[in-house]
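Just below is one structure, and these are the notes that go with it.
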Amino acid sequence: MLGHERSITQIKYNREGDLLFSVAKDTVANAWYSVNGERLGTYNGHTGAVWCVDCDWDTKNVLTGSADNSCRLWDCETGKQLALLNTNSAVRTCGFDFSGNIIMFSTDKQMGYQCFLNFFDLRDPQQIGDNQPYLTVPCSDHKITSAVWGPLGEFVIAGHENGEINQFSAKSGEILKKAKEHTKQINDIQTSVDLTMFISASKDNTAKLFDSTSLDHIKTFKTERPVNSAAISPIMDHVVMGGGQEAMEVTTTSTRIGKFEASVVVVTAFFTVLRFFHAAYEEEFGRVKGHFGPINCVAFHPDGKSYSSGGEDGYVRIHYFDPQYFDFELEA
């Protein structure tokens, strides 16, 4: 599906799985029918790259965060903008709690401003009107690069640029627990369907499975390239991973010939295939090709029978599993 002019930054299914939302570096958020890939509509208003998107549990509202220093709330059905929350720096992550009443979003550490994690209660019009969150948590050391809500909306699980994972209380803002299993930036965090586990994708070439409440490290899935995104199957003991490096981060080697200098790009830094790992055995059992360039985001359909991926090439691809996939058993 081609509905963006620049690389995809995040994709997200609604709870039923009939809709798929995508955002990219081209200022537009799209809604698609997941069954056939038809574009339902767009949410227009941002003036910078859109980094994150989320949908509430009853698919009533959509939340987006952008490099234009704003977080915006939209009516899912009409595309009307319901609220505009201005910030001092780019909004990197955003999300609804399970009730759909509380939203959180984090801002980047840039232009002299530090990273903040903000919480708003949508039931209080004054908070929205005054642009005053009921809770603001400063993250002065290392900015948040990915964040999701934990079980029951009691805390937010945040991944940082130094590889650290923290639990932030949604009531007090205090750090409840910490984990430091990754050595480099965490690019993505996604929860299991019951929110009891989450998987983190990192630039250290691994994805790791954690317990949501205790932050105990459960499993590690290793590749030879940075992992940009990882998702947990809702019905199988499987995880899917996508990754690779952005073109600007790929190694170049220069050769000078007389007056001319040629740069050779080492394209092997990409992994353009989706990789499937068994969650229990930590072993890779499948690969799927399709995208040109790095894969920036992956997501399982809530019924587990299909999955989607978004790439640096600007395409969103919906993949359906063959019947044999559901009978597959990895030999231990």
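Matching residues to (1) under 19 Å from the mean Cα position of the chain (by Cα); (2) modelled with pLDDT under 95:
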| residue | (1), (2) |
| --- | --- |
| ASP26 | yes, yes |
| ASN36 | no, yes |
| THR42 | no, no |
| VAL53 | yes, no |
| ASP75 | no, no |
| GLY112 | no, yes |
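What strands (runs of 3 or more DSSP E) lie completely within the stretch 226-309 and have 2 or more residues being at pLDDT below 90 and surrounded by fewer than 14 Cβ atoms within 10 Å (Cβ to Cβ)?
Ranges flagged: 252-257, 260-265.
Do we find a residue being modelled with pLDDT of 95 or more, open to solvent by 20 Å² or more (accessible area, probe 1.4 Å) and not basic (Lys, Arg) anywhere in the stretch 89-96?
Checked against the condition, which is being modelled with pLDDT of 95 or more, open to solvent by 20 Å² or more (accessible area, probe 1.4 Å) and not basic (Lys, Arg), the stretch 89-96 yields no hits at all.
Being in contact with a Pro (Cβ under 8 Å, 6 or more places away or on another chain), within 13 Å of TRP149 (Cα to Cα) and surrounded by fewer than 21 Cβ atoms within 10 Å (Cβ to Cβ) is true for just one of SER169, SER192. Which residue is that?
Every option except SER192 fails the conditions.
Residues in the stretch 68-92 that are of a type in the set (Gly, Ala, Ser), over 14 Å from TYR43 (Cβ atoms) and touching a residue at least 40 places away in the same chain (Cβ under 8 Å): how many?
1
Taking the stretch 140-159 as the search range and keeping residues that are in contact with a His (Cβ under 9 Å, 6 or more places away or on another chain) and of a type in the set (D, E, K, R), which one is most open to solvent (accessible area, probe 1.4 Å)?
The extreme case among them is ASP141.
On the basis of being open to solvent by less than 20 Å² (accessible area, probe 1.4 Å) and not aromatic (Phe, Trp, Tyr), does LEU117 make the cut?
Answer is yes for this residue.
Could you please find all residues in the stretch 310-332 being under 20 Å from HIS4 (Cβ atoms) and part of a strand (DSSP E or B)?
GLY310, GLY311, TYR315, VAL316, ARG317, ILE318, HIS319
Could you check the stretch 29-45 and list, in sequence order, the residues that are surrounded by 13 or more Cβ atoms within 10 Å (Cβ to Cβ) and part of a loop (DSSP other than H, G, I, E, B)?
SER34, VAL35, GLY37, GLY45
Hey, does the stretch 58-68 have a residue that's under 29 Å from ALA170 (Cα atoms), open to solvent by less than 20 Å² (accessible area, probe 1.4 Å) and of a type in the set (A, V, I, L, M, F, W, C)?
Yes.
The values are calculated or read from the model by the stated rules, or taken from the named source; none is laboratory data. Fair warning: this is a prediction, and the values are worked out from it, not measured in the lab. Neighbour counts are summed over all protein chains in view; Cβ atoms, including those assigned to glycine, are modelled from backbone coordinates with ideal geometry. Just the protein is used for accessible areas: all its heavy atoms, side chains included, with ligands, DNA and RNA removed. Shrake-Rupley method; radii C 1.70, N 1.55, O 1.52, S 1.80 Å.
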